[in-house]
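Asker: Below: one structure in structure tokens.
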Amino acid sequence: MIRFVILALIIFGCQTPTPKPKAQLALSYPTPQYKLLVNDCAFAFEYNQLAVSETLSVCSVTLDYSSLNAKLYLSYFDLTESSLDTLLMDFDKRLKMFGKQAVQIDESAYENKAQNVLGSCIIIVGDSPSNLHFFSTDTQRHYLTGSLLFEAAPNYDSLAPAISYIKSDVQKLLETLRWN
């Protein structure tokens, strides 16, 4: 009996636990297919077919990425009716408001002299309610601005792949933006 107990202790007591390997989140997004946004406003651009275009008001558009629980809000301003300086100050205020929890702010500038388009795309790294903002203008007549919002808790680590995917779409939007 004692031999049986000692043998059982040796067999069951000498097992060392092996750690489980860390799992990696494997998100995959479809390859973007772009189409032209057709509207009655003073601009046109290509956007990802994954997003659904919805008109909010005169020249304000939402690109709804329902599979990502995200919406890209776009607003157009005619610079003959609005001041470029005021719009740029509002853009900076928006960045300060959303950037309170920022760890880092990444900015990429864009310029296309042939199409008279220049702008900037800002990524706020951190747990912000809105991590992507951009604007584009010709500095004389047209100004287009946009912000990305998710219908989820602001957790940058979880949202980073979706933010990166949509940032590529914003870059395509800026590259194909034409003023009418």
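Values in this text are rule-based calculations from the coordinates and carry no lab data. Since this is a predicted model, take the numbers as computed values, not measurements. Neighbour counts are summed over all protein chains in view; Cβ atoms, including those assigned to glycine, are modelled from backbone coordinates with ideal geometry.
Asker: Restricted to Cα positions, what overall size does the chain have along the principal axes? Three whole-Å values, descending.
Answerer: 97, 33, 29
Asker: Work out the FRET efficiency for A152 and N180 from their Cβ-Cβ distance, taking R0 = 41 Å, and round it to the nearest 0.05.
Answerer: 0.70
Asker: Can I ask one more? For the residue pair I105 and K172, what label-to-label distance in nm results when each label sits 7 Å from Cα along the Cα-to-beta-carbon direction?
Answerer: 2.9
Asker: Take the alpha-carbon centre of segment 158-180, take the same for segment 128-149, and report the distance between them in whole Å.
Answerer: Using only Cα atoms to place each centre, the spacing works out to 11 Å.
Asker: With loop defined by DSSP as not H, G, I, E or B, and exposure as at most 11 other Cβ atoms within 10 Å, which is the longest segment of the chain clear of exposed GluC sites (Glu not before Pro)? Show your work: numbers first, answer last.
Answerer: On the way: sites that count: E81, E151.
Result for the longest clean stretch: 1-80.
Asker: Also: Counting only C-alpha contacts under 8 Å and six or more residues apart, can you give the relative contact order of segment 34-179 as a whole percent?
Answerer: Once divided by the residue count of segment 34-179, the mean separation gives 25 percent.
Asker: If a paramagnetic tag sat 7 Å from the Cα of L56 along the Cα-Cβ line, which residues of segment 95-124 would have the backbone N under 19 Å from that point?
Answerer: 95-99, 120-124
Asker: A further question on this structure: With unit charges on the beta carbons (Lys and Arg positive, Asp and Glu negative) and the dipole taken about the Cα centre of the chain, which residue among M1, A51, L87 sits farthest to the positive side?
Answerer: In the chain, that residue is M1.
Asker: Let me ask something additional. What nm distance separates the two modelled labels at D78 and Y29, each placed 7 Å from Cα along Cα→Cβ?
Answerer: Here the answer is 3.4 nm between the modelled labels.
Asker: Could I ask something else about it? Which number do you get for Rg(Cα) / (2.2 N^0.38 Å) in segment 60-147?
Answerer: Taking N as the residue count of segment 60-147, the ratio is 1.13.
Asker: Continuing with this model, one more query. 7 Å from Cα along Cα→Cβ at both M1 and Q49: what's the point-to-point distance in nm?
Answerer: So the label points at M1 and Q49 sit 7.8 nm apart.
Asker: So, one more: Figure the gain on full extension for L118 and D64 (residue separation times 0.36 nm, minus the Cα-Cα span) and round it to one decimal in nm. Intermediate results must be reported in sequence, preceding the final value.
Answerer: Values: separation 54, 0.36 × 54 = 19.44 nm, distance 2.46 nm.
Contour length minus Cα-Cα distance gives 17.0 nm.
Asker: Using a 10 Å cut-off around each Cβ, can you sort K100, K71, K172, K113 from fewest to most neighbouring Cβ atoms?
Answerer: Final ranking by Cβ density, sparse to dense: K113, K100, K172, K71.
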